[in-house]
Amino acid sequence: MKKILSLCLVALACSAMAGLAPTDLRCDYATDPLGVDSPAPRLFWKLTDVERGARQSAYEILAASSEKNLAHDQGDLWADGKIPSDETIQIPYAGKAPGSFQPVFWKVRVWDAAGKVSPWSRPATWTMGVLQPADWHAQWIGAADTNIPSLLLRHEFAVKSGLQRALINVCGLGQYELTLNGQKVGDDFLSPGWTKYDRTCLYDTHDITALLRSGKNAAGLELGNGMYNVLGGGRFTKFKGSFGLQKAIAQIRLEYADGSVEFIGTDDQWRVAPGPITFSSIYGGEDCDARRVQTGWNRPGFDDSKWSSALVVNGPGGELRGLSAAAPPIKKFEVHQAVSSHVLTNGDIVFDLGQNAAHVPEISVTGPAGSQVRVIPSELLGEDGSANQGSMGGGHRGYIWCEYTKATGSGETWSPKFFYVGCRYLQVHLTPATTNGALPKIKSVAGIVIQSSSQSVGGFACSNPLFNRIRTLVRWAQRSNMVSLMTDCPHRERLGWLEEDHLNGPALRYEFDLSQLFTKTINDISDSQLTNGLVPTTAPEYTVFRDKSDTDHLRNAFGDSPEWAATFILVPWQQYEFSGDLNLFRKHYDAMTNYLAFFGSRAENHIANYGLGDWYDVGPKKPGVSQLTPIALTATAFYFEDVKVMARVAALLGKTNDAANYSKLAADIRTAFNEKFYDPANRLYATDSQCANAIPLVMDLCESSNREAVVDAIVSDVRARGNALTAGDVGYRYLLRALADGGRSDVIFDINNQSEKPGYGMQLAKGKTSLTEAWDGGSSQDHFMLGQIQEWFYHDLAGIRSGGNGFKKIIIAPQPAGNLTWAKASYDSIRGKIVSDWIRTGDGFTLNVTIPANTTATIFVPTKPGAHVTANSPAAKLLFNEGNRAVFETGAGNYEFSSN
């Protein structure tokens, strides 16, 4: 009885505490981050409340230098008291400036609309990085031997008793794996993130207190080449280029109970030696000779007398930066075991992993010491069943493989440390240790899936099985190319082709929280921008696309294309829409205006005519540069869009003169565009291609009086082709948007609900498991470029949209299309989870929505003229009826709307 009474009292207490409460505290988008190097980190939280209309009226933040102070409500770093504000995101830290390495402990409480205060949130923390160059107590080190494929670095050091905290800041180039006393630090893969190393080098920060012990300790670093040092070596590579030899900088900070602090930094006292990796290429593969493994090399007491002293060297020139310029780390996710295998006539075994993905190959093998296993990845198989690397670039540029040499006669398991590849198949070639010797035997083959640890935030499903499979198809391509930047493909190129970032921006953001990753992307662009303002097509720019004979231009069309460079402005705008973040504009505003000045210098009478245009559209020729739409149309349209957005940004930032100037320039470009490309007689644009007509509609280049006719022109073209699309990389997103915004999602449904014409359905019918580069399933087999349909699923079928400023105002406007009977989507926005869930039966339509606390929503309920629409709460206010929709306004909460 006493136990029951106690439980009842606890329940009553919890009920009394229920209400508006802050949760999911973050700093610079990350949870309890280390290595924060922003001068004023931005703080975020979400609110939990089941009450309808719940909103915040004020907040109070406490920040302290210790957990003890915070627990006693002593905000010795920041305590400004109650702040009247309903904001929960992008709140800049305004307390005492913390120094390098300093931990900050913080919590928040909020007041609801009635003035009731919440309990304090659970404590959160962040740790500062290295804020000044003088705070680095370490030197860049490498090896005197310039022919080492993979470098080992080690150092032993003593830890005194009374250790309170230990941090390490580390950058190993190109990639590193860090161990302490033989144990790997963290579970990151391919650290640090790829950058333009002569401008930015990323360091990671780890709390290593638990890995150290009193007395002797050992630190070990193993290095690989990554994108920092791209060599050929007789194997496939997209390009050859190097920022220098492998090198590293690291420092360990030891803090003791008596207040003393000690640094152990990389210097010439460290020891270096070649590692067991005998070939290291991010493109060509990785070889490991396990007989060269020096057991215990990264533990205390190892005899390193035969090793060499480290050489103090210069860094590559880039500024060492922490979290502010970094994407979330890459990690290993699920493992794909081989689902089948077959043996070739030469004895090789081909394993099918069942899914094309970014894989780290893993093998388990028995057999004699010195025997070898070569693993050849591929996306496709040849007619003879062997690995075909044609879609991955293999062939005239060399082939891709990894090779492992056994150390013992026992079973061994191995996977590369600094290599991954997009593939579905792994062909295994076995070689004996001696002529006529026994072959090694494969016990198992698998592929470990790697991707950015950016949080998954979306969910979508509907009554159409094909659409659900399409989402999965696209999502695999998104995952495979989500590393420390968005690559175009995880094998042949692995470059950050920029147009995909803004064209797929919403499609990606509905699925993953990419605020950090895209912040890094904009920094990569800034680092790669030329002094004349030109923004190259790839960032980081590792290879230069230039015609040597063209002395007037620093890049050719593959290196300078307006649709690609637009990412520098449009991705930050999308970040503002999704995350309420203007920081990218504040930081890079001058660089953006420099780009627009360059862009203007290439236009004549406001018409730009250069670049790649609607890349990979469906025309009479092999896909590539735009075939159906004039280059000048897309180039000029993006000139207008960039300038239009910058006018809005300038106004938001209080730059009134710039806002006025950019607004006037946008109006002039708009006039010139329509004079050049609009055909008033036929009421269409230029060549009447899907891309040519769609872009002016979406970008508001088209006059309102002509919009209906231009939409009709698109529909006529699609229908005349048997519901086939022709728009490519650049045009397809605008085709979707133009049709959906024009109320013609039925046409989008018909385009994508078939497998006879080039498109997603055809790819699935051909057995593709990840989105391909070309609409017909050709070229690269793992390309996220054409994945914009994801935006339509969330934004239009489910109808989840931002009304601006990071979903502070939410719009739910579903567009049921075709024969769909239900659709459900959820999006965990920066302010909380949004849900749109609808079902239609006969003449009835039911819509269930979830609106997070502290937001408002406008709900558009599909209906028919004369139908009766009801809501399950008077808190949902009917505003008006608009055509075939009833429009409601709500606050936070769960609501159901019915139309009969």
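The values are calculated or read from the model by the stated rules, or taken from the named source; none is laboratory data. What you see is a predicted model, and the numbers here were worked out from it, not measured in a lab. Virtual Cβ from ideal backbone geometry, glycine too; neighbours counted across all protein chains shown. The protein model used for the area step is the full one, side chains on, heavy atoms only, and it has no ligands, DNA or RNA in it. Shrake-Rupley method; radii C 1.70, N 1.55, O 1.52, S 1.80 Å.
Could you tell me whether Ala325 is touching a residue at least 12 places away in the same chain (Cβ under 8 Å), under 30 Å from Ser100 (Cβ atoms), in contact with a Lys or Arg (Cβ under 8 Å, 6 or more places away or on another chain) and crowded, with 18+ Cβ neighbours inside 10 Å? So Ala325 fits the description; yes. In the stretch 232-261, the residue that is farthest from Glu177 (Cα to Cα) out of those that are under 27 Å from the mean Cα position of the chain (by Cα) and free of Cβ contacts under 8 Å to residues at least 60 places away in the same chain is Lys240.
Restricting attention to the stretch 22-58, which residues are of a type in the set (Phe, Trp, Tyr) and either in a loop (DSSP other than H, G, I, E, B) or modelled with pLDDT under 95 (or both)? Correct list: Tyr29 only. May I ask you to verify whether Thr687 is of a type in the set (Ser, Thr, Tyr), closer than 26 Å to Ser745 by Cα and open to solvent by 50 Å² or more (accessible area, probe 1.4 Å)? Yes: the conditions hold for Thr687. Evaluation of Gly99 against the conditions (1) touching a Lys or Arg at 6+ places or on another chain (Cβ under 8 Å); (2) under 28 Å from Asp28 (Cα atoms); (3) surrounded by fewer than 22 Cβ atoms within 10 Å (Cβ to Cβ); (4) in contact (Cβ under 8 Å) with a residue 24 or more places away in the chain shows that the sole unmet condition is (1). Scanning the stretch 655-683 for residues that are in contact with a Phe, Trp or Tyr (Cβ under 8 Å, 6 or more places away or on another chain) and among the aliphatic types (A, V, I, L, M), we see that the one that is surrounded by the most Cβ atoms within 10 Å (Cβ to Cβ) is Ile669. Select from the stretch 79-88 the residues that are of a type outside the set (Lys, Arg) and either without any contact (Cβ under 8 Å) to a residue 24 or more places away in the chain or assigned to a loop (DSSP other than H, G, I, E, B) (or both) and write down the one among them that is surrounded by the most Cβ atoms within 10 Å (Cβ to Cβ). My answer is Thr88. Among residues of the stretch 750-769 that are open to solvent by 40 Å² or more (accessible area, probe 1.4 Å), those with a Cβ under 6 angstrom from a residue that is in a helix (DSSP H, G or I), sequence gap 6+ or separate chain, pair up as Ser755/Gly761; Ser755/Met762; Ser755/Ala765.
Need at least 3 residues that are in contact with a helix residue (DSSP H, G or I) (Cβ under 7 Å, 6 or more places away or on another chain) per element, so show me which strands (runs of 3 or more DSSP E) inside the stretch 784-900 make the cut, counting only ones lying wholly within it.
Counting at least 3 such residues, we get 800-802, 822-829.
Would you mind listing the helices (runs of 4 or more DSSP H) fully within the stretch 512-600 where at least 2 residues are in contact (Cβ under 8 Å) with a residue 60 or more places away in the chain and open to solvent by 20 Å² or more (accessible area, probe 1.4 Å)?
515-528, 567-579
Is it fair to say Gln451 is farther than 30 Å from Trp792 by Cα and in contact with a Lys or Arg (Cβ under 9 Å, 6 or more places away or on another chain)? Taking the combined requirement at face value, the residue does not satisfy it.
Hey, can you tell me all the residues within the stretch 58-69 that are open to solvent by less than 40 Å² (accessible area, probe 1.4 Å) and either in contact with a Ser or Thr (Cβ under 9 Å, 6 or more places away or on another chain) or of a type in the set (D, E, K, R) (or both)? Across the stretch 58-69, the qualifying residues are Ala58, Tyr59, Glu60. The single condition among (1) assigned to a strand (DSSP E or B); (2) open to solvent by 10 Å² or more (accessible area, probe 1.4 Å) that Asp267 does not meet is (1). Those residues that are in a loop (DSSP other than H, G, I, E, B), on the phi < 0 side of the Ramachandran plot and open to solvent by less than 20 Å² (accessible area, probe 1.4 Å), I need them from the stretch 345-375; list them, please. Within the stretch 345-375, Asp348, Ser371 meet the criteria. As a summary of the residue check, Pro623 satisfies the conditions (1) within 28 Å of the chain's Cα centre (by Cα); (2) surrounded by fewer than 24 Cβ atoms within 10 Å (Cβ to Cβ); (3) under 25 Å from Trp573 (Cβ atoms) except for the one numbered (3). Residues satisfying the criterion are absent from the stretch 440-450 (criterion: open to solvent by 30 Å² or more (accessible area, probe 1.4 Å) and part of a helix (DSSP H, G or I)).
Just the residues that are open to solvent by less than 30 Å² (accessible area, probe 1.4 Å), closer than 30 Å to Gly296 by Cβ, assigned to a loop (DSSP other than H, G, I, E, B) and touching a Ser or Thr at 6+ places or on another chain (Cβ under 6 Å), please, taken from the stretch 205-261. If the condition is that a residue be open to solvent by less than 30 Å² (accessible area, probe 1.4 Å), closer than 30 Å to Gly296 by Cβ, assigned to a loop (DSSP other than H, G, I, E, B) and touching a Ser or Thr at 6+ places or on another chain (Cβ under 6 Å), then Asn225 is the only one that fits.
Of all residues in the stretch 59-78, none satisfies being assigned to a loop (DSSP other than H, G, I, E, B), at pLDDT 95 or above and basic (Lys, Arg).
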